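What follows is a single structure, written as structure tokens, with notes after it.
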């Protein structure tokens, strides 16, 4: 893992700016997202906000040939959902909105779950427990800790709740590139993997399933769904290893107040 990039103070300041701008996108989306909207309408709203209000770049657009600025993943979609003019939000849906933003050459990456209208208690529980799992992983971050500590904390908690952890997709280092070293698994063994150092920046983004952890990809080549069609949830933040712990660079307004 010698190719992990340790960010300089100047780079960290730029990453912090990108992260704060991305948090603003979710704040705007909170007031916009509603029953009846198509996922393409949500995509277009976010693209307009990033480019025209924030004067930034939606980093996902054009990445690996992807034509849109976000991934909307509804209900049994694990990740990498594709915006569509015909897919509209329905009462009771849960949806993950995954957005990346680049400003001054540095990228931030975050995702948030939205509960649309009246969501079932079981769906709400999955969303809430996945959020708790994210934060248990984040709280393992400090210099001298191991990457495996993050995955262990997430896996142990999630499985105790009766859920499974998706293994094919993981968090990642981030900076000038969307995906840098290291890979951040959401399962694992304590005291294994790379040692965390001050100045590392990476995403933690657990995908937690109600049923089996097994997934499959739809014919579009992007959309990943649960094999058993049960629900999946995901939350994501971009995290900095600080001198004595962590800083969540994409922390949102409601999280600052909680």
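Read-outs: derived from the displayed coordinates by stated rules, not from any lab. Everything numeric here is computed off the predicted structure, so don't read it as measured data. Neighbour counts run over all protein chains shown; Cβ positions are idealised from the backbone, glycine included.
For residue 13 and residue 128, the difference between the fully extended length at 0.36 nm per residue and the C-alpha to C-alpha distance is 38.3 nm.
Run the numbers for residue 34 and residue 93: contour at 0.36 nm per residue of separation, minus the present Cα-Cα distance, in nm. Walk me through the numbers on the way to the answer.
Details: separation 59, 0.36 × 59 = 21.24 nm, distance 1.05 nm.
Result: 20.2 nm gained on full extension.
Spatially, segment 108-176 and segment 237-258 are offset by 14 Å when compared through their Cα centroids. Under 12 Å from a label point set 7 Å out along the Cα-to-Cβ vector of residue 104, no amide N atom of segment 240-258 is found. A simple spin-label model places pseudo-atoms 7 Å from Cα toward Cβ; at residue 118 and residue 167 they are separated by 4.0 nm.
Using C-alpha pairs under 8 Å with a sequence gap of at least 6, the mean separation divided by the residue count of the chain gives a relative contact order of 23 percent.
Going by the alpha-carbon gyration tensor, a ≥ b ≥ c the square roots of its eigenvalues, is segment 89-136 rounded (a/c under 1.5) or, if a/c is not under 1.5, prolate (a/b greater than b/c) versus oblate?
Oblate, because a/c is 1.5 or more while a/b does not exceed b/c.
Considering only 105, 151, 162, the Gaussian network model of the chain with Cα springs below 10 Å gives its largest mean-square fluctuation to 162.
Given a Förster distance of 35 angstrom, what is the FRET efficiency for residue 198 paired with residue 27, based on the Cβ-Cβ distance and rounded to 0.05? Don't skip to the end; give the middle numbers.
Details: r = 29 Å, r/R0 = 0.83.
FRET efficiency, residue 198 to residue 27: 0.75.
Here each label is just a point 7 Å from Cα along the line to Cβ, and for residue 159 and residue 139 those points are 2.0 nm apart. Apply 1/(1 + (r/R0)^6) to the Cβ-Cβ distance of residue 52 and residue 218, taking R0 = 35 Å, and write down the FRET efficiency to the nearest 0.05. Efficiency, from the Cβ-Cβ distance: 0.65.
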